[in-house]
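The block underneath contains the structure these notes are about, expressed in structure tokens.
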Amino acid sequence: MKIERFPAEHERNTGITLSLADVGFDLEGKTILDGVSFEISATRIGIVGRNGSGKSTLARLLAGLVSPTKGELKINGLDLAKDRKAALAEVGILFQNPDHQIIFPTVQEEISFGLQQQGRSKRDAADRTAATLSEFEKSHWTTAHINALSQGQKHLVCMMAVVAMEPKLIILDEPFTGLDLPTKTQLKRYLSRYQGGLVHISHDPVDLLNYEKVIWLDQGQLISLGDAAPILNDYIEKMKRLGGLDDISDLSR
Ligand SMILES: Nc1ncnc2c1ncn2[C@@H]1O[C@H](COP(=O)(O)OP(=O)(O)OP(=O)(O)O)[C@@H](O)[C@H]1O
Ligand SMILES: [Mg+2]
């Protein structure tokens, strides 16, 4: 499969600059990310890489949820791990696993929480929550108990909670996992209209076709970064070669 770059669906003005200088991250004595350096300005950035390559870890670092063990990481010149107030306005993150994200029992409470954290009144947060649910045609979920939703539905609640806050940048860690086709199509349409920046982690290169730049990670290191089409083509070729081998276990390293 050869991928050609499509023209971007929308011209956007709100570029995001990610600056990483020799970023490393260790956890429990293990090096998860090592010597990652790049500077990139774009509104649509994809991240690809095999299982365990460090994508979700990089997502958490970008969102400022954890600090690098080594090096420096900034978004639009801000160190979000140090400036949590700025982080709320700048970045929203959709976790890979909705169970790591959800705190509240009902859909309404879950979506309103982030809005109130941003400083909105309870009333404002409730209005914005209602508008978001309506936009996704899920108003009937308002009082639903999240525990009673399917995994895909939980994922969508998390997504709505993030987009309701309208951050300048949304980091999406496998946002389409578990979503049925119509919901995925609806969400794709919504994201293509989103005025802020997106950093989108995906195993499926097709999801990143319209993206401007792609970052490829492997074993905690930057393999390459650049225009989406050539990076995705190289990535697909490499993954096909690896798929032909019998031992692709990332535990073997
Ligand atoms: N809490 C943790 N404790 C120890 N090691 C961890 C922890 N979380 C992640 N790792 C390790 O860090 C590495 C990178 O994990 P990460 O979740 O960032 O990868 P990923 O690229 O998002 O993978 P996937 O595609 O499977 O989602 C893996 O080798 C993983 O085993
Ligand atoms: Mg991951």
Near the amide H of Asp218, under 5 Å away, which other amide H atoms are found, from residues 5 or more places off or on another chain, if H is placed in the peptide plane? Ile223
Of the accessible area of the chain, with the probe set at 1.4 angstrom, what percent is carbon plus sulfur? 50 percent
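Given a 1.4 Å probe and heavy atoms of the protein chains only, how would you sort Arg241, Arg189, largest accessible area at the top? Present the calculation step by step, with values, prior to reporting the outcome.
Values: Arg241 150, Arg189 130 Å².
Per-residue accessible area, sorted high to low, gives Arg241, Arg189.
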Nearest 20 debye, what's the magnitude of the dipole of region 25-125 about its Cα centre given +1 on Lys and Arg Cβ and -1 on Asp and Glu Cβ? 160 debye
What distance in nm lies between label points placed 7 Å from Cα along the C-beta direction at Ser192 and Asp204? 1.4 nm
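Summing Lys, Arg as +1 and Asp, Glu as -1, what charge do residues with Cβ under 9 Å from the Cβ of Gln101 carry, Gln101 excluded? The partial results should precede the final answer.
On the way: positive: Lys154; negative: Asp99, Glu110.
My count for the surroundings of Gln101 gives -1.
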Residue-ordered couplings for region 170-182, obtained by feeding phi - 60° into the Karplus form 6.51 cos²θ - 1.76 cosθ + 1.60 and rounding to whole Hz (Gly and Pro as x), are 10, 9, 10, 9, 6, x, 9, 3, x, 8, 6, 4, x
What accessible area per residue, rounded to a whole number of Å², is obtained for region 25-80 using a probe radius of 1.4 Å? 42 Å²
In nm, what is the difference between 0.36 nm times the number of residues separating Asp124 and Ala21 and their Cα-Cα distance? 33.1 nm
Solvent-accessible surface (1.4 angstrom probe) belonging to Lys240, in square angstrom, nearest 10: 110 Å²
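Tell me the mean residue ellipticity at 222 nm calculated for the chain from its helices only (DSSP H runs of n ≥ 4, each -39500 (n - 2.57), averaged over every residue, nearest 500).
After summing the helix terms and dividing by residue count, I get -10000 deg cm²/dmol.
Using the heavy atoms of the protein chains and a 1.4 angstrom probe, tell me the accessible area per residue for region 104-176 in square angstrom. All intermediate terms of the calculation are to be shown ahead of the outcome.
Working: 3220 Å² over 73 residues.
For region 104-176, the solvent-accessible area averages 44 Å² per residue.
The values are calculated or read from the model by the stated rules, or taken from the named source; none is laboratory data. Keep in mind it's a predicted model, so treat the numbers as computed, not measured. With ideal geometry, Cβ positions are generated from the backbone for all residues, glycine too; neighbour counts draw on all protein chains shown. We work out accessible area using only protein heavy atoms, side chains counted, and drop any ligands, DNA or RNA first. Shrake-Rupley method; radii C 1.70, N 1.55, O 1.52, S 1.80 Å.
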